[in-house]
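Colleague: Dropping the structure in here first, questions after.
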Amino acid sequence: MTTIALTRAISDRIGRCELTHLKREPIDVDLARAQHAAYEAALRACGCDVVRVAPAPDRPDSVFIEDTAVVLPEVAIIMRPGASSRRVETEAVGRALAKFREVVEIEAPGTIDGGDVLSVGREVYVGESARSNREGIGQMRRILEPHGYTVAGLPVRGCLHLKSAVTEVAEETLLIQPQWVDRDFFSGYSLIEVDPDEAYAANALRIGDRAIYPISFPKTAERLRSRGIDPAFADVSELAKAEGAVTCCSLIFDHAGG
Ligand code: CIR
C-alpha cells in the first residue's frame, strides 16, 4: 500500500488569491515556493509519495488543491468550489485522480470546497460556509451513503472552512477552535482545544501517526505533544497570507497499486 500526496505548484499570481477574512498583504513568491518545497519534504518524511498535478500558472489559488476534491477509499468526488474563480482548477485534478479512483462530480447549483469536508472514519462532516451550500452537501450525501458513510452538514462561523476550525490529529482525536464550530457536534471524540492566543491553530494534517503542523503555533503544539502527538513542523507563513494552511496544499489517499 502506498500513501499518495497530490500537490500543485504555486502560481506566480498567488498574490491575487481569493481573500475572505484577511487583509491583502504582499506574498513573497520565492519564499512561498521554498516553504511549499519544505512542506512536500515533510509529506515524504511522513511516508507519502508526492505526485504533482500539472500546474495552473494563471490560477492564483491552485496550490490549494485540497479544495478541488475529496478522496475516500471507494470514490473521488470532484468539488464545485464556492468561489467561481476557482472552478477551473478541478479539471486537471479530476484527470489525475482518475488513475486511482472512480471519479464523480458535485454539480451546479451545488458548491463545496474540500476544505469544508472533514472525514473521520465513516463520518463525513461538511461545513455550511460561504463556500459550501446545502445542495452540494445533499449531493455528497447521495454519493456517499451507498458506501456506508454518514454525511452531516454543520454551521461554521468566523472562518473560511470547517477545517480551519477542526481537524483530526490522531485516532478519534480532533483539534478544535471552539469559537468557530460548536464542540457539541463532536462529543463522541476526544477534543484538544487550540490555545486561546492562537486563533488559526486548528488546522493540522494527520498522516498515520504523524501530524504536519504549522511552526507558528507553539502553544497549541505543546498541547498536542502533551497528548502524545509528535508534530512534523512546516513553516507556511506565506501561504497563510493567502488564507491557506497545511491541509489545503495536498490530497492524501492510499493506493493499493504500489
Ligand atoms: C481561497 O480563498 O479559496 C484561498 N485563498 C485559500 C484556500 C485555502 N483552502 C483551504 O484551507 N482548504
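The values are calculated or read from the model by the stated rules, or taken from the named source; none is laboratory data. Just so it is clear, the structure is predicted and the values come from calculations on it, not from any experiment. All Cβ positions, glycine included, derive from the backbone under ideal geometry; neighbour counts span all protein chains shown. The protein model used for the area step is the full one, side chains on, heavy atoms only, and it has no ligands, DNA or RNA in it. Shrake-Rupley method; radii C 1.70, N 1.55, O 1.52, S 1.80 Å.
Colleague: Among all residue pairs at least 6 apart or on different chains, which show Cβ distances below 9 Å where the first residue, located in the stretch 210-239, is under 21 Å from I14 (Cα atoms) and the second is surrounded by fewer than 20 Cβ atoms within 10 Å (Cβ to Cβ) and of a type in the set (K, R)?
Modeller: Between residues of the stretch 210-239 that are under 21 Å from I14 (Cα atoms) and residues that are surrounded by fewer than 20 Cβ atoms within 10 Å (Cβ to Cβ) and of a type in the set (K, R), the close pairs are E238/R33.
Colleague: Among the residues of the stretch 134-157, which ones are open to solvent by less than 50 Å² (accessible area, probe 1.4 Å), of a type outside the set (S, T, Y) and part of a loop (DSSP other than H, G, I, E, B)?
Modeller: G148, V156, listed by residue number.
Colleague: Additional query: Take the stretch 11-26 and flag every residue that is open to solvent by less than 30 Å² (accessible area, probe 1.4 Å) and in contact (Cβ under 8 Å) with a residue 60 or more places away in the chain.
Modeller: Across the stretch 11-26, the qualifying residues are I14, C17.
Colleague: Now a separate question. If you take the residues of the stretch 152-192 that are of a type in the set (K, R) and touching a strand residue (DSSP E or B) at 6+ places or on another chain (Cβ under 7 Å), which of them is nearest to G244 (Cα to Cα)?
Modeller: K163
Colleague: Which of the residues that make up the stretch 34-59 are within 14 Å of the ligand (Cβ to nearest atom) and under 17 Å from the mean Cα position of the chain (by Cα)? Before the answer, list the steps.
Modeller: Of the residues in the stretch 34-59, the ones within 14 Å of the ligand (Cβ to nearest atom) are 36, 39, 56, 59.
Correct list: H36, Y39.
Colleague: Tell me whether the stretch 61-78 contains one or more residues that are in a helix (DSSP H, G or I), farther than 15 Å from S250 by Cβ and open to solvent by 50 Å² or more (accessible area, probe 1.4 Å).
Modeller: Within the stretch 61-78 (the criterion being in a helix (DSSP H, G or I), farther than 15 Å from S250 by Cβ and open to solvent by 50 Å² or more (accessible area, probe 1.4 Å)), the answer is no, since none of the residues qualifies.
Colleague: When the stretch 158-169 is examined, which residues are found to be in a strand (DSSP E or B) and open to solvent by 30 Å² or more (accessible area, probe 1.4 Å)? Break it down into steps so the answer makes sense when it comes.
Modeller: Taking the stretch 158-169 and keeping what is in a strand (DSSP E or B), we get 166-169.
Answer for the stretch 158-169, where residues must be in a strand (DSSP E or B) and open to solvent by 30 Å² or more (accessible area, probe 1.4 Å): just E168.
Colleague: Can I ask one more? For V126, work out the one condition from (1) over 21 Å from A242 (Cα atoms); (2) within 14 Å of the ligand (Cβ to nearest atom); (3) open to solvent by 20 Å² or more (accessible area, probe 1.4 Å) it doesn't fulfil.
Modeller: (3)
Colleague: Just need a number here: residues in the stretch 79-104 that are part of a helix (DSSP H, G or I), within 16 Å of the ligand (Cβ to nearest atom) and of a type in the set (D, E, K, R).
Modeller: Counting residues in the stretch 79-104 that are part of a helix (DSSP H, G or I), within 16 Å of the ligand (Cβ to nearest atom) and of a type in the set (D, E, K, R) gives 3.
Colleague: When you scan the stretch 44-54, do you find a residue that is open to solvent by less than 10 Å² (accessible area, probe 1.4 Å), of a type outside the set (F, W, Y) and out of contact with any Ser or Thr (no Cβ under 8 Å at 6 or more places or on another chain), even just one?
Modeller: No; the residues of the stretch 44-54 include none that is open to solvent by less than 10 Å² (accessible area, probe 1.4 Å), of a type outside the set (F, W, Y) and out of contact with any Ser or Thr (no Cβ under 8 Å at 6 or more places or on another chain).
Colleague: If you don't mind, another one. Could you run through the stretch 15-33 and say how many residues are of a type in the set (V, I, T) and either within 18 Å of the chain's Cα centre (by Cα) or not in a helix (DSSP H, G or I) (or both)?
Modeller: Number of matching residues: 2.
Colleague: If you don't mind, another one. Kindly indicate whether I252 is in contact with a Ser or Thr (Cβ under 8 Å, 6 or more places away or on another chain), within 15 Å of the ligand (Cβ to nearest atom) and in contact (Cβ under 8 Å) with a residue 40 or more places away in the chain.
Modeller: yes
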